[in-house]
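See below for the structure under consideration.
FYI, it's all coordinate maths here, none of it is from the lab. Because the structure is predicted, anything quoted here is derived from the model rather than measured. In this analysis, Cβ positions are derived from the backbone assuming ideal geometry, glycine residues included, and neighbour counts consider all displayed protein chains.
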Amino acid sequence: MICYRSKYIHVIERHIQQCLNKLSDWADTNGFKFSSSKTVCIHFCRLHKLHQDPVLILNGSAIPVVEETKFLGIIFDRKLSCLPHIRHLKDKCTKALNLLRVVAHTTWGADQQTSIHLYRSLIRLKLGYGCVVYGSARGSYPTYASWIRFKIMHFVFALVPIKYRHLPVYLY
């Protein structure tokens, strides 16, 4: 990941291209090669007006400028809103919750401890990874994660028999 900050796009383009050239030379001398097909450029900017995207070249081919990209499992978009990542997280956790509903059916399914272990391994880890990044998003976006947690808590408490619902259930 190469980052550079400036008000002027031509300054950003020049500095990043110099860095790419140095990296390419280093890779050639040490026997490495950067894959042009896996390399993308994303221009993080919150400006509403239209502006030019940088033109960067690696190994003789232009690096495509994309709207969003996945880096270390977190989806970043050019406005740094984290909304694509939160939507993706909601979809994955909803699928895991549906699986948990099937496995933990009240009449023939798994017991409460097994359901909580499945919750911890299937859903909680997904919600926890990258929460520092998407937790800093705009106020209304993290409500997706809150919605997922609410659905899970509602589901887990439905598994508990009525006479034990006053006792705490430790999900964490």
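Think of segment 1-125 as a dipole: +1 on every Lys or Arg Cβ, -1 on every Asp or Glu Cβ, centred on the Cα centre; then among Ile9, Leu122, Thr69, Leu122 lies furthest on the positive end. When +1 charges are put on Lys and Arg Cβ atoms and -1 charges on Asp and Glu Cβ atoms, the dipole computed for segment 9-66 relative to its Cα centre reaches about 180 debye. Let a ≥ b ≥ c be the square roots of the eigenvalues of the Cα gyration tensor of segment 43-98; is it rounded (a/c under 1.5), or, if not, prolate (a/b larger than b/c) or oblate? Cα axes put segment 43-98 in the oblate bin.
Each residue of segment 56-68 is assigned a 3J(HN,Hα), and the resulting list reads 10, 10, 10, 6, x, 10, 6, 7, x, 9, 10, 7, 8 Hz, derived from the Karplus form 6.51 cos²θ - 1.76 cosθ + 1.60 (θ = phi - 60°), x at Gly and Pro.
How large is the translational diffusion coefficient of segment 9-66 in µm² per second when you combine the Kirkwood radius over alpha carbon pairs with Stokes-Einstein at 25 °C and 0.890 mPa s? After rounding, the answer is 196 µm²/s. Full extension of the chain between Tyr129 and Leu80 gives 15.9 nm of extra length, using 0.36 nm per residue less the Cα-Cα distance.
For a straight C-alpha distance cut-off of 28 angstrom, the lysines reachable from Lys7 (same-chain residues fewer than eight places away being disregarded) are Lys22, Lys38, Lys49, Lys70, Lys79.
Note on Val103/Leu72: beta-carbon distance plugged into 1/(1 + (r/R0)^6) with R0 of 41 Å gives a FRET efficiency of 0.85.
With a simple spin-label model that places each label point 7 Å from the Cα along the Cα-to-Cβ direction, the separation between Asp28 and Ala62 comes to 2.2 nm. Each of the peptides 75-85, 19-29, 89-99 was scored by the mean count of other Cβ atoms within 10 Å over its residues; in descending order, highest first, they stand as 75-85, 89-99, 19-29.
In this simple spin-label model, placing a label point 7 Å from the Cα along the Cα-to-Cβ direction at both Arg46 and Thr94 gives a separation of 2.9 nm.
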